[in-house]
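Take a look at the structure below.
The values are calculated or read from the model by the stated rules, or taken from the named source; none is laboratory data. Values in this document were obtained by computation on a predicted structure and should not be read as measured data. Cβ: placed from backbone, ideal geometry, glycine included. Neighbour counts: every protein chain shown. Accessible surface is based on the protein model in full, side chains and every heavy atom, while ligands, DNA and RNA are left aside. Shrake-Rupley method; radii C 1.70, N 1.55, O 1.52, S 1.80 Å.
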Amino acid sequence: MFPQQIIQELLSVAHVQAVAARAGVSISNFDKDFGIDGTFRQIATIGNRRFTSGYALDFQLKASTNYTLEPEYIVYDLEVKTYNDLVQRRLSSDATPCILILKVLAVDTEQWLTTTEAGLFLGGACYWEYLQGELSQNKQSVRIRIPRVQELSTESLLRLMTSAREYTINGEWIC
């Protein structure tokens with residue numbers, strides 16, 4: 001059996017892949033992790049032919065049972081290395097945008113995945129954040145607050161892809 005952390009990670013990947021598939025967005029994952037776990041690519045069409053549009057959005061994916069739910073926010077302690085990488089990336093005006101995606105899971109592992117004849121239920125939501133601010137001098141972690149309205153869904157992913165396109169064209173993040 002896999003360690004709990006590996007199971008959490010694999011469930012988070014499955015969640016993001018399912019949302020991307022439903023949104024009609026291509027997704028690629030990386031075997032080597034240098035701060036990026038994957039890339040969403042917008043798909044365009046000409047007639048019956050589909051192709052990648054050239055607009056992309058990178059993501060760093062985390063999964064955890066260690067978070068706090070507030071009425072309007074998910075509060076999570078993010079490794080300072082990851083925080084600084086994502087903030088630095090946002091400061092680079094010519095870089096592909098990179099968001100953090102956090103899969104929140106219940107402490108009770110029985111709630112993570114349920115299968116029935118009616119279908120598959122993958123417990124826990126994913127939330128996204130496009131981090132900005134100052135680089136942190138902390139040694140271990142930075143407490144972040146992700147608005148709960150920023151749940152990763154097919155609709156929010158399509159809005160994020162529009163933002164990535166606008167960012168590439170105009171240098172403005174609109175989401």
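Listed here are the residues, each with its yes/no results for (1) in a helix (DSSP H, G or I); (2) among the aromatic types (Phe, Trp, Tyr); (3) surrounded by fewer than 19 Cβ atoms within 10 Å (Cβ to Cβ); (4) free of Cβ contacts under 8 Å to residues at least 60 places away in the same chain.
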site: Ile74; (1), (2), (3), (4): no, no, no, no
site: Tyr83; (1), (2), (3), (4): yes, yes, no, no
site: Val87; (1), (2), (3), (4): yes, no, yes, yes
site: Asp94; (1), (2), (3), (4): no, no, yes, yes
site: Ile101; (1), (2), (3), (4): no, no, no, no
Q: Go through (1) at pLDDT 95 or above; (2) within 22 Å of Thr96 (Cβ to Cβ); (3) charged (D, E, K, R) one by one and return the number of the condition Arg50 breaks.
A: (1)
Q. Any idea which residue in segment 10-28 is farthest from Leu158 (Cα to Cα), counting only those that are open to solvent by 70 Å² or more (accessible area, probe 1.4 Å) and out of contact with any helix residue (DSSP H, G or I) (no Cβ under 7 Å at 6 or more places or on another chain)?
A. Leu10
Q) Mind checking which pairs have a first residue in segment 149-175 that is under 14 Å from Leu100 (Cα atoms) and a second that is modelled with pLDDT under 80, Cβ under 6 Å, 6 or more apart or different chains? A) Leu160/Cys175
Q) All but one of (1) closer than 24 Å to Gln42 by Cα; (2) within 18 Å of the chain's Cα centre (by Cα) hold for Arg148; which doesn't? A) (1)
(Q) Just checking, does segment 137-155 include any residue being in a strand (DSSP E or B), open to solvent by less than 30 Å² (accessible area, probe 1.4 Å), under 28 Å from Ser53 (Cα atoms) and not hydroxyl-bearing (Ser, Thr, Tyr)? (A) no
(Q) Restricting to segment 29-46, and then to whatever is buried (at least 16 other Cβ atoms within 10 Å of the Cβ) and of a type outside the set (Phe, Trp, Tyr), can you tell me which residue is nearest to Ala106 (Cα to Cα)? (A) Asp37
Q) In segment 103-119, how many residues are touching a helix residue (DSSP H, G or I) at 6+ places or on another chain (Cβ under 9 Å) and open to solvent by 50 Å² or more (accessible area, probe 1.4 Å)? A) 2
